[in-house]
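Report on the following structure.
The values are calculated or read from the model by the stated rules, or taken from the named source; none is laboratory data. All figures in this text were calculated on a predicted structure; none of them were measured in a lab. When we count neighbours, we look across all protein chains shown, and the Cβ atoms used for this are built from the backbone with ideal geometry, even at glycine.
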Amino acid sequence: MYLEERRRVLLDRVRQLGRVDVATAASELDVTTETVRKDLVHLERQGFVTRTHGGAIAVQRLGFEPVNEVRESVMTDEKLRIASAAIAELPDEGAILIDSGTTAALMPRFIPLDATLRVVTNSLHIMNALATFPNVTLMHLGGVFRPVSQSTVGPWAIQALEELRIDVAFIGANGFSVDHGLTTSDQAEAECKRAMVKASRRSIALLDHSKIGAEYFHRFATPADLGGIITDSGLDHDLLEDLQQAVDNVVVA
């Protein structure tokens, strides 16, 4: 079986079953597990799958956005490492923004209880998680509630952001590519995230390795808009090199 045929078989299997197991696929295709892993790396770089321990799962693109419960169950360990690393970017005092991404939602686990911060967010999860922090002043952006992301978007949120100047914003995305920048599948989310980036002196993208190389329908920021990216050690070496050339501050957690 030729390389492209094998990758097509793997992709068809992921689409039909929702996932593929490296060992099982290697046995059925009569190739090594390393060959299957390389094929899955290629498919992940194309944005078709997300690699997991021992295999890969399907990635839905463009018109479909998984609910938070689904997104939270993917790349959990990687997201925790990224959220922990993001704490190093907190100012000693000042205003930060944490958006509704599932990686950003893990940041409150690592923020010191005595931290003195003003936190702006459109995420109900962030509001609830930080509500008991004695020295944190919370500001929730108004707008239309999106159940799929448990966040608010729309003109009210954007108008509020236009009146603010934020020190550091922590932003999530469905995808990032060197050529196209940060992207998401929903237009209202993209418009709100674009306003977040514009309102911030520095924007840090929190992206597990499955997001790097993927492109979705709506762009909201270019590589030049970013003050840094925090990703995880599962990122392909070639993609990491491309990332480091496009963005000044790349942290691998």
- Query: On the given criteria, is Leu80 in the same structural domain as Leu164 (by TED's automatic domain parsing) and at pLDDT 90 or above?
  - Reply: yes
- Tally the residues that are surrounded by 16 or more Cβ atoms within 10 Å (Cβ to Cβ), modelled with pLDDT of 75 or more and in a loop (DSSP other than H, G, I, E, B), restricting the search to segment 40-74. 1
- Residue identified as assigned by TED's automatic domain parsing to the domain that holds Ile230 and closer than 18 Å to Leu206 by Cα among Ile158, Ile96: Ile96
